[in-house]
1. Sort through Arg309, Arg380, Arg375, Arg301 and tell me the only one that's over 19 Å from the mean Cα position of the chain (by Cα), part of a helix (DSSP H, G or I) and in contact (Cβ under 8 Å) with a residue 24 or more places away in the chain.
2. Would a scan of region 331-352 turn up a residue that is assigned to a helix (DSSP H, G or I), closer than 19 Å to Tyr76 by Cα and touching a residue at least 40 places away in the same chain (Cβ under 8 Å)?
3. Take residues that are hydroxyl-bearing (Ser, Thr, Tyr) and tell me which of the helices (runs of 4 or more DSSP H) falling wholly in region 1-67 contain 3 or more.
4. Select from region 342-361 the residues that are open to solvent by less than 50 Å² (accessible area, probe 1.4 Å) and under 25 Å from the mean Cα position of the chain (by Cα) and list them in ascending order.
5. Identify, by number, the condition in (1) surrounded by 22 or more Cβ atoms within 10 Å (Cβ to Cβ); (2) closer than 30 Å to Val75 by Cβ that Val265 doesn't meet.
6. Could you please find all residues in region 353-372 being in a helix (DSSP H, G or I) and without any contact (Cβ under 8 Å) to a residue 12 or more places away in the chain?
7. Do any residues in region 267-286 that are part of a loop (DSSP other than H, G, I, E, B) have Cβ atoms under 8 Å from those of residues that are modelled with pLDDT of 90 or more and exposed (fewer than 13 other Cβ atoms within 10 Å of the Cβ), where the two are at least six apart or on different chains, and which pairs are they?
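The values are calculated or read from the model by the stated rules, or taken from the named source; none is laboratory data. Values in this document were obtained by computation on a predicted structure and should not be read as measured data. Using ideal geometry, Cβ is built from the backbone for each residue, glycine included, and neighbour counts are taken over all protein chains shown. The accessibility values were calculated without ligands, DNA or RNA, using every heavy atom of the protein model including side chains. Shrake-Rupley method; radii C 1.70, N 1.55, O 1.52, S 1.80 Å.
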Amino acid sequence: MAATRLMPTDIGDDLIELTRAICDKTLRPQVDDVEARAATEEVFPREVFRTLGRAGLLSLPYPEELGGGGQPYEVYLQVVEEIASAWAAVAVGVSVHSLTAYAVHTYGTPEQQAALLPDMLSGETLGAYALSEPLAGSDIGAMTTRATPDGDDWRIRGRKAWISHAGHADYYTTFARTSDDGGRGVSCFVVPADAEGLSFGTPERKMGLHGDTVREVIFEDVPVAGDRQVGDLGRGVPMALAGLDAGRLGIAAVATGLGQAALDVAARYANEREQFGRTIASNQGLAFLLADMEAAVTSARATYLHAARLRDAGRAFGKEAAVAKLVATDAAMRVTTEAIQVLGGAGFTQDFPVERYFREAKVTQIFEGTNQIQRLVISRQLLAGL
């Protein structure tokens with residue numbers, strides 16, 4: 001069943017209906033096949049992203065004058081949730097793509113915005129966010145990928161790890177060290193996919209989200225034009241952290257969509273499956289379990305919408321984004337686990353999608369900052385405000 005939504009504008013209602021139509025027509029008919037094949041071979045749903053882009057769903061939170069959709073973040077996130085309820089790997093990709101444009105939109109010069117954002121927000125191109133490294137995940141300041149001056153331009157050497165869309169993206173929003181000044185020595189670059197010296201590792205063999213190709217991005221003296229260095233030199237870490245606040249809300253929305261999808265399957269199954277002459281939903285123990293699942297999904301949605309509304313109002317939302325990411329992803333893990341329990345032995349088979357939802361939910365507790373990191377962010381900001 002579709003989640004009940006109260007959108008802030010009629011346009012928001014129209015966008016949700018458009019998203020649901022695309023999910024039903026384009027995403028749901030192929031998700032099972034692509035996810036199964038992508039587990040053993042490299043399959044990437046590039047045309048799905050083109051469909052979403054042409055519908056204007058890849059650029060929703062950015063200003064119309066720059067080529068975006070001009071929508072509040074609370075609308076954009078609910079669109080992401082709808083997509084996640086149909087295909088989580090694609091919803092993760094939508095969130096990642098939105099994050100790749102953040103640096104240019106927020107820190108780029110007017111000339112850079114005019115040159116780069118039209119392609120980023122057109123829907124015809126897809127971005128990747130090259131931040132993490134094999135030994136520098138949550139500790140961004142420990143990265144070793146380095147950009148060295150080459151006249152007025154730059155050359156980048158190093159390796160990035162766990163990069164969604166690697167090998168399929170049209171550009172890479174990349175963070176690299178430009179000095180040895182720790183966290184103050186990292187800068188941001190937009191690297192075109194056809195840059196000489198750019199290559200990719202073997203796709204990671206993951207337990208879920210198979211349609212989201214993830215692998216290393218390898219920079220071997222990759223030339224980057226000087227006008228593709230974004231923001232002040234040495235300010236890459238705060239730029240990345242600011243972007244991740246918004247990115248965490250994207251993952252919270254993905255997790256909520258996963259939880260909603262698992263709940264929907266479990267509730268339908270419980271209403272149809274009969275044991276001892278009655279549906280299993282008529283057993284109070286199972287009905288209460290479903291009620292707890294509904295409460296968890298509804299709470300997750302409320303936390304990300306609260307943070308989004310703070311962001312839309314121009315207020316600080318970093319702590320609330322961390323809360324949303326923590327609450328929503330833990331809820332997704334719990335709800336998908338309980339969905340398998342409701343289905344019993346059937347839930348442990350691939351005849352129903354809940355086992356896939358369970359596998360996909362796990363990584364939401366890990367990327368965009370593990371939930372242990374979220375607790376660190378929350379506690380620090382909470383105690384600093386006393």
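1. Exactly one residue qualifies, and that residue is Arg375.
2. Taking every residue of region 331-352 in turn, none turns out to be assigned to a helix (DSSP H, G or I), closer than 19 Å to Tyr76 by Cα and touching a residue at least 40 places away in the same chain (Cβ under 8 Å).
3. none
4. If the condition is that a residue be open to solvent by less than 50 Å² (accessible area, probe 1.4 Å) and under 25 Å from the mean Cα position of the chain (by Cα), then Pro353, Val354, Glu355, Arg356, Tyr357, Glu360, Ala361 are the ones that fit.
5. Among (1) surrounded by 22 or more Cβ atoms within 10 Å (Cβ to Cβ); (2) closer than 30 Å to Val75 by Cβ, the lone unmet condition for Val265 is (1).
6. Gln372
7. Every condition considered, no pair remains.
Condition check ((1) out of contact with any Phe, Trp or Tyr (no Cβ under 9 Å at 6 or more places or on another chain); (2) touching a residue at least 60 places away in the same chain (Cβ under 8 Å)) across all residues:
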| residue | (1), (2) |
| --- | --- |
| Val80 | yes, yes |
| Ala88 | no, yes |
| Ala91 | yes, yes |
| Thr106 | yes, yes |
| Gln112 | yes, yes |
| Gly127 | no, no |
